[in-house]
Amino acid sequence: MSIEVQHVNKTFGTFKALDDVSLNFPDGELVALLGPSGCGKTTLLRVIAGLEYADSGRILLDGVDATEKDVRQRRVGFVFQHYALFRHMTVFENIAFGLRVRPRRERPSEKEIRAKVTRLLDLVQLGWVANRFPSQLSGGQRQRIALARALAVEPRVLLLDEPFGALDAKVRKELRRWLRTLHDELHISSIFVTHDQEEALEVSDRIVLVNKGRIEQIGSPRDIYETPATAFAYGFIGAVNEFRGKVEGGYVRVGDEKLHYDGQSFTDGQEVIAFSRPHDTEIVPDGQTADGVSARVNRILGNGSVARVELVANGEAREGRKDFFEVEIPGAEVQSLGLSAGQRVKLRGRKLSVFSNQNGNQTS
Amino acid sequence: MARTINKRVLPGFGLSLGFTLVYLSLIVLIPLSAVFFKTASMTPEQFWQAVASPRVVASYKLTFGASLLAAAINAVFGLLLAWGLTRYTFPGRKIVDALIDLPFALPTAVAGIALTAIYAKNGWIGSLLEPFGIQIAFGPPGVLVALTFIGLPFVVRTVQPILEDLETEYEEAAASLGANRWQAFQRVVFPALFPALLTGFALAFARAVGEYGSVIFIAGNIPMVSEITPLIIITKLEQFDYKGATAVASVMLVISFFLLLIVNGLQAWTARRTGRTV
Amino acid sequence: MAGAVATLDARADTASKFEANPATRDSPWVKFVVIGLGVTYFVIFLLLPLVAVFAEAFRKGIQTYFEALIEPDALSAIRLTLLAAALSVPLNLVFGVAAAWAIAKFQFPGKNLLITLIDLPFSVSPVVAGLIYMLVFGLQGWFGPWLRDHDIKIIFAVPGIVLATIFVTFPFIARELIPLMQSQGKDEEEAAISLGASGLQTFWRVTIPNVKWALLYGVILCNARAMGEFGAVSVVSGHIRGETNTMPLHVEILYNEYQFSAAFAVASLLALLALVTLLLKNYVEWRARHTVSEEIA
């Protein structure tokens, strides 16, 4: 089912959770709503589900206006962050719940319910826990039961709120892959909320990046990672080195130093932030070049094919600057440069992305 | 040697536990044990005569019957009140919430004479019921009214915190699965409240069984009709029948202990069911 | 009502949250019926009796009202009631703190049994509570003859009244403190000791500030019950006017002598005490919640 969100606004008291949000979720995709905590992504998910009503704007499900529709009529499957399994019911009864509460005319027979629940339990590979209570399950098992329960009502769309948030790292990874496989089998339109970029990049077909109640960027994981559209997107996705300064000719002036970049259209004197990924950052021995930002090597990790060098800003910390840098270079280069902890070097961006920074404040 | 093994970081264990045990024994345990020593000095026939005479048996029936009914009334209306106070905003809510505890704070004798004044034939409510031939004060219905009054806060105050702490997620999950409001209440919320409701019911019942002050003014105290068991004890004491009084008291004590065990069990159940301590 | 203060932080104003959520909102007529029934019940069983006390007290005018209060027997009853509360509340306070300290900060076998035994007086009928002291100190009781020989009066005298009051108010303070102190654990006390504080310093500077609202709450409830106790005191008092009558007993005597206005006048003082108790209780709850939310912010 396709979902269309049109000009949705939502405020809580004086806090603007959603600020004129419009977007389309195409049919059958697994979409990640990604953003820092408090950015409004969960609110957007709850507005789509009908658990929260927007102050203004419309929600269209399959082209039909559902704005005024009750959560009970929207036929969306919602998986809660802490699962919200009914603790006094067995796993079987939890999954059967949505079928049992249907009006008598639409309610399946006991036999059909049994068959359906069994099928769903097999789908989530937990047939053997049918008669247990939620408290007797592990976190990962609860998550899968919550998913089975949501699927039992044959929802037109599946909404998951931080589905892996409450799990430990190992289970999280397993479940991530499992969700992806399950989605490939079922092809039900799904939206999940996460603050973990790695999760979004790995699992989803499409990422919607949200910040301060607004959409920053929509695109495939690859697009988002490789061509971030905004300074926020750059800073939020993947590891990144950040340099703040003013444009001056073909350079970005950072304090007393300057970084070369290939002329985008900024006027001189404009405040900017320049980003470069660790694998696109170069280390140049101090004194060999006028170009680059000074730093001191702090640690060198891994001497294999790729080494990670951690550096700290040289001299006193300047205001509004990130003081830590991370560079990935071939292990051999560590040798040829003769890098060691404490050494002073200069950093340059091979591929520097520059964004205007009008208000001059932090982006992340 | 044991001392070095059991060395504790915080001081005062011996002193505080010692004082607790001595005080508990002097004020509660030793005096209570007197009931059983006194009872043990009676012959089985004497005991049976004291605790099973028709007048005493009639008082058990009234005391336990009215207490059970009062607790049941409070379970229903207490749940309604707890629901209204936690789920709805309405003018005067704070005042209602604050006054719910009045029966805990109002001396029982005051409650007794006030209820009598209202439910007597010429009282505010009694005069309304009089034309229909309904008499509340000075009979068994009066006992029920008094016991309902003193048990009122128990259910409200045990259910209310559970209802406040209940995550909205459960009702949201039920709604997203298509359940209507009544189904969500009946299948999801009520089972979560049930242990607390039962605890409140048991507390109200236990309190009502032992109640004396508020009842004696409104009951009329007619032997075989509206005489409660605690009054039987007082009457026997006034006739210097210490043994008889003690025998009846021992019956009430055993029942109190039994109820206390049930309440404790229920509270443990509530805690397990809801993951919180009561 | 156990551990009420411990759960107070949850009693924030959540009602509007439920009413705003489409999944927890009830239809207006359900709300109307629930509030209608609940409030009617509240008015009939709680509000009317309270109003009736004051209405009856002033029925014969203000002068009769005050005459009933300054009459010597009434004054003596007030004095005795204050005395009983002044003795029983501090004793139960010391007990409550000691019991909570032992139970919350240490592990020992039989702890759950001890907690149950502390609750015991709540489930004992007040009449039985009075009776047990008769059995111990009364003329036919264990120490009766010895006390008579030494001319010490406990039953039908002030000491008996105080003992009975202590019994019925026994668990109030302990009950508020134990769950709270158990939930707080002993980390902070251990930290204080590790920083060089003595046991007493730790107790006064760390433990007491952490439980002060619960302590106050328990004292308020304990005091209300101590001043209002009727059944237990009635058994051991002997009803000697001007000597062993507390206020509730004085109300009973006046009532049985058909001096209704005087009975309700004295009763109105006790009702006022109940209202002040509820007011203080709500204030303490509010303060406790306030402190909690301040700590969170």
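The values are calculated or read from the model by the stated rules, or taken from the named source; none is laboratory data. Only a predicted model underlies this, so the values are computations on that prediction, with no experimental measurement involved. Here the Cβ is made from the backbone with ideal geometry for all residues, glycine too, and neighbour counts use every protein chain on show. Ligands, DNA and RNA are stripped out before the accessible areas are found, and what is left, the full protein with its side chains, is counted by its heavy atoms. Shrake-Rupley method; radii C 1.70, N 1.55, O 1.52, S 1.80 Å.
Key figures
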read-out	value
Gyration tensor over alpha-carbon atoms, the range B:146-212, equivalent ellipsoid semi-axes in Å	31, 10, 8
Gain on full stretching of the segment that runs from A:Glu174 to A:Ser336 - 0.36 nm per residue minus C-alpha separation	54.3 nm
Cross-link table A:Lys41/A:Lys173; A:Lys111/C:Lys31; A:Lys170/A:Lys351; A:Lys16/A:Lys170, entries beyond 26 Å C-alpha to C-alpha	A:Lys111/C:Lys31; A:Lys170/A:Lys351; A:Lys16/A:Lys170
Check: chain A dipole with +1 on Lys, Arg Cβ and -1 on Asp, Glu Cβ, in debye	1600 debye
Cα-based radius of gyration of the range B:62-228 once divided by 2.2 N^0.38 Å, which approximates compact folds	1.19
Cα Rg over Rh - the protein assembly as shown, Kirkwood	1.09
Within 10 Å of each Cβ in C:26-39, the average number of Cβ atoms from other chains	5
All-pairs Cα distance distribution in the range A:107-151, expressed in whole percent, bin size 10 Å	27, 56, 16, 1
Convex hull per residue volume in Å³, alpha carbons only, for the range B:1-143	262 Å³
Cα coordinate range in chain A, projected on the principal axes (Å, largest first)	82, 46, 32
Computed label-point distance, nm, for sites A:Arg104 and A:Asn24 using a 7 Å Cα→Cβ extension	4.6 nm
Extended-chain gain in nm, criterion 0.36 nm per residue less alpha-carbon gap, A:Phe12 and A:Glu112	31.7 nm
Given charges at Cβ of Lys, Arg, Asp, Glu: chain A dipole, positive-most of A:Val203, A:Pro155, A:Leu30	A:Pro155
Cβ-Cβ FRET estimate between A:Asp223 and A:Asp286, R0 fixed at 22 Å, reported to 0.05	0.05
Gap separating the Cα centres of the range B:110-175 and the range C:233-263, nearest whole Å	27 Å
Distance between the range C:137-196 and the range A:98-117 - C-alpha centres, whole angstrom	60 Å
Å² of accessible area per residue within the protein assembly as shown, as computed with a 1.4 Å probe and no ligands counted	43 Å²
In order through the range A:114-125: 3J(HN,Hα) via Karplus (6.51 cos²θ - 1.76 cosθ + 1.60), integer Hz, x for Gly, Pro	4, 5, 5, 4, 4, 4, 5, 5, 5, 4, 8, 6
Span from the the range A:281-306 Cα centroid across to the the range A:218-253 one, whole angstrom	20 Å
Most positive-pole-ward Cα, B:Phe190, B:Gly133, B:Val145, against dipole of the range B:62-228 from beta carbon charges	B:Gly133
Inter-probe distance in nm under a simple model that places probes 7 Å from Cα toward Cβ, at C:Arg79 and A:Leu123	8.3 nm
Size of electric dipole in the range A:144-264: Cβ of Lys, Arg +1 and of Asp, Glu -1, about Cα centre, debye, nearest 20	240 debye
The range B:30-89: translational diffusion in µm²/s, Stokes-Einstein, Kirkwood Rh over Cα pairs, 10 °C, 1.306 mPa s	105 µm²/s
Cβ-based net charge around C:Thr169, under 12 Å, with every Lys or Arg adding one and every Asp or Glu removing one	+1
Residue among A:Val252, A:Val71, A:Val101 with the largest mean-square fluctuation in a Gaussian network model of chain A, springs linking Cα atoms under 10 Å	A:Val101
Buried solvent-accessible surface, both chains (B, A), 1.4 Å probe, Å² to nearest 100	1900 Å²
Among B:Val96, B:Phe240, B:Val263 - extreme Cα towards positive end, dipole of chain B, charges at beta-carbon	B:Val263
Net charge, A:Asp20 excluded, C-beta distance under 13 Å - Lys, Arg +1, Asp, Glu -1	+3
By average C-beta atoms within 10 angstrom, highest first, the peptides B:161-171, C:130-140	C:130-140, B:161-171
Net charge contributed by nearby residues that have their C-beta within less than 13 Å of B:Thr229 (K/R +1, D/E -1)	+1
Full-stretch length increase - C:Arg287, C:Lys60 - with 0.36 nm per residue and alpha-carbon distance subtracted	77.7 nm
Cα centre as origin, Lys/Arg/Asp/Glu Cβ charges: the protein assembly as shown dipole, Debye	1720 debye
Sequence ranges C:109-121, B:242-254, ranked by mean other-Cβ count within 10 angstrom, highest first	B:242-254, C:109-121
Label-to-label distance, nm, for residues given as C:Arg241 and B:Trp182 (7 Å Cα→Cβ offset)	6.2 nm
Under the span-like rule (Cα at least 20 Å along the axis, Kyte-Doolittle mean at least -0.5), DSSP H helices of chain B	B:54-87, B:140-165, B:190-210, B:242-274
Theoretical FRET efficiency, 1/(1+(r/R0)^6), r = Cβ-Cβ of B:Ser53 and B:Phe258, R0 22 Å, to 0.05	0.45
Modelled FRET efficiency - R0 30 Å, A:Gln270 with A:Arg350, Cβ distances, 0.05 increments	0.85
